[in-house]
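Take a look at this one; I'll ask things after.
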Amino acid sequence: MSQWPPASVEAREELIEGIAVLTYNALNTESITREVADARAGATAIFIGTTRNSFKGKVVTRLDYQAYSKLAIKTITSIILEAHQKFSRSLHQTPDTLVPPIIRSAVYHRLGTVPVGEPSIVIAVSSPHRKESFQACEYILERIKEDAQIWKREFYEGEKEEDAEWKANTAP
Amino acid sequence: MPSTPTVTVLYFAAASTATGLNSEEIELPTPRPFKLSSLSNLLISRYPGKGLEKVLESSQWSVDAEMVDNPDETVLTGGEEVAVICPVSGG
């Protein structure tokens, strides 16, 4: 078996509402934030998910991520669109305004080995007012954790590689 | 004689650990079209004692990169890309 599944490839989907990316490269929060920059934005919410160094008292040495990229990128794209639909009314805005309550969303998920302490996911959302970017950013993260076809394996200090645990975000 | 129709089965995460594979070509047994829900038993019989049964119990299927809602009503005729979608853990 090769190190990474052949179906776990880099992927990128750009839409008017934003961008979804799966990459084997380290995530650069600054450049991802620039992807959602907009003169109409008064707020940008950024979530950075990093790999933790412990699990139930065990020392985590590294985490490996893989994705069924073809499907995962579709799922993430539809979650972005879902978020833009869901938060479609701002308390601050009159209904006839031309600026949407969510302007742009960027989702970057890293694949391959992510050393402890480095970002595995970065989500940036821009909006005219702060409330919607906070809400949409959290919504996108939670939906990705539920549905995106991405898997994480944790490796522990002093344990054999084959005992490394495939994680699940929800109990089966 | 026409060749037997096959599907490509992709394995990720715990499913790839159990089978030792990332993917394989599987000949569809008769009767065809073959029910997707029957694929579980076929795969389990190919990898006895590897814990694949438990993995499949908690997994979903995708066919041609679309999640399947009802495997009983989904049939395979050959040429499809089927994937075992284990409980996800992105983020």
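The values are calculated or read from the model by the stated rules, or taken from the named source; none is laboratory data. Nothing here was measured: the structure is a model prediction, and the numbers come from that model. Heads up, the Cβs are rebuilt from the backbone with ideal geometry, glycines too, and the neighbour counts pull from every protein chain shown.
What number of residues in segment A:13-27 are within 13 Å of the chain's Cα centre (by Cα) and either of a type in the set (Lys, Arg) or more than 14 Å from chain B (Cβ to nearest Cβ) (or both)?
Step one: list which residues in segment A:13-27 are within 13 Å of the chain's Cα centre (by Cα), which gives A:18-23, A:27.
Going one step further and asking which of them are either of a type in the set (Lys, Arg) or more than 14 Å from chain B (Cβ to nearest Cβ) (or both), we end up with A:18-19.
Residues in segment A:13-27 being within 13 Å of the chain's Cα centre (by Cα) and either of a type in the set (Lys, Arg) or more than 14 Å from chain B (Cβ to nearest Cβ) (or both): 2 in total.
Residue A:172 fails exactly one of the following numbered conditions: (1) surrounded by fewer than 16 Cβ atoms within 10 Å (Cβ to Cβ); (2) at pLDDT 95 or above; (3) within 7 Å of chain B (Cβ to nearest Cβ). What is the number of that condition?
(2)
Same structure again: Name the pairs: first residue in segment B:72-91 and away from chain A (no Cβ under 11 Å), second residue among the basic types (Lys, Arg), Cβ to Cβ under 6 Å, at least 6 apart or on different chains?
B:75/B:35
Suppose we keep only residues that are more than 30 Å from residue A:128 (Cα to Cα) and outside any strand (DSSP E or B) within segment A:37-55. Which one would you say is farthest from the other protein chains (Cβ to nearest Cβ)? Reasoning before the result, please.
Step one: of segment A:37-55, the residues more than 30 Å from residue A:128 (Cα to Cα) are A:51-55.
Pick out the ones that are also outside any strand (DSSP E or B) and you get A:51-53.
Values: A:51: 11, A:52: 12, A:53: 17 Å.
Ranking the qualifying residues of segment A:37-55, first place goes to A:53.
Considering each residue of segment A:1-34, count those that are surrounded by 13 or more Cβ atoms within 10 Å (Cβ to Cβ), touching a Lys or Arg at 6+ places or on another chain (Cβ under 8 Å) and closer than 15 Å to residue A:121 by Cα, and give that number.
Going through segment A:1-34 one residue at a time, the tally reaches 8.
Name the residues in segment A:130-169 that are at the interface with chain B (Cβ under 9 Å from one of its Cβ atoms) and among the aromatic types (Phe, Trp, Tyr), would you?
Matches in segment A:130-169: A:151, A:166.
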